[in-house]
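Encoded as structure tokens, the structure appears first; notes follow it.
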Amino acid sequence: MPTREQMIATIEGAYAARVACDIAAMNAIWAPGATYAMEGEAALMARYPTGPTEALAATQRLADLLDADDVEVIDMIAEDDRVAVQWRARFSKGDRSQVLSLFSRWKFDEAGRVASLHEYGDTAMIAEMIGG
């Protein structure tokens, strides 16, 4: 099982890769069969990967929909194979930019790769930014 420090380093690396739009680095964190989900009102999010869906495809779709201009981790709590993260980021799409506050629930496998990621945020704001 990964250590607390290894899980946190993986998450911090994933956020840095998201800002850099480094799809290969973002995809390197996923375990085989990993899933991603944005919890919320799926009807608002027709273009967003609400899931749970296959994580590799979700990574590419997220990068196509919104640019992450910066990420700030507010708090992290790690226990066993899970990490909860409260964070905020400035996302942009064209000339629109918005700061979103999010909560993420990460679950790791025995090899230290991400088995699942569930995110929670203002889905109405995200839908408005991406046009549905």
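The values are calculated or read from the model by the stated rules, or taken from the named source; none is laboratory data. What you see is a predicted model; the values in this text were computed from it and never measured. Cβ: placed from backbone, ideal geometry, glycine included. Neighbour counts: every protein chain shown.
Out of the residues in segment 7-24 that are in contact (Cβ under 8 Å) with a residue 12 or more places away in the chain and more than 13 Å from the chain's Cα centre (by Cα), state the one that is nearest to Ala89 (Cα to Cα).
The selected residue is Ile8.
Check Asp95, Asp80, Asp75 and return the single one that is without any contact (Cβ under 8 Å) to a residue 40 or more places away in the chain, exposed (fewer than 14 other Cβ atoms within 10 Å of the Cβ) and farther than 23 Å from Cys21 by Cβ.
Working: Asp95 fails: farther than 23 Å from Cys21 by Cβ; Asp80 fails: without any contact (Cβ under 8 Å) to a residue 40 or more places away in the chain.
Every option except Asp75 fails the conditions.
Within segment 105-121, which residues are assigned to a strand (DSSP E or B) and either modelled with pLDDT under 95 or closer than 16 Å to Phe91 by Cα (or both)?
Residues satisfying the conditions are His118, Glu119, Tyr120.
With respect to Ala28, determine if the residue is in contact (Cβ under 8 Å) with a residue 60 or more places away in the chain and under 29 Å from Arg4 (Cβ atoms).
no
How many of the residues in segment 98-121 are out of contact with any Phe, Trp or Tyr (no Cβ under 9 Å at 6 or more places or on another chain) and exposed (fewer than 15 other Cβ atoms within 10 Å of the Cβ)?
2
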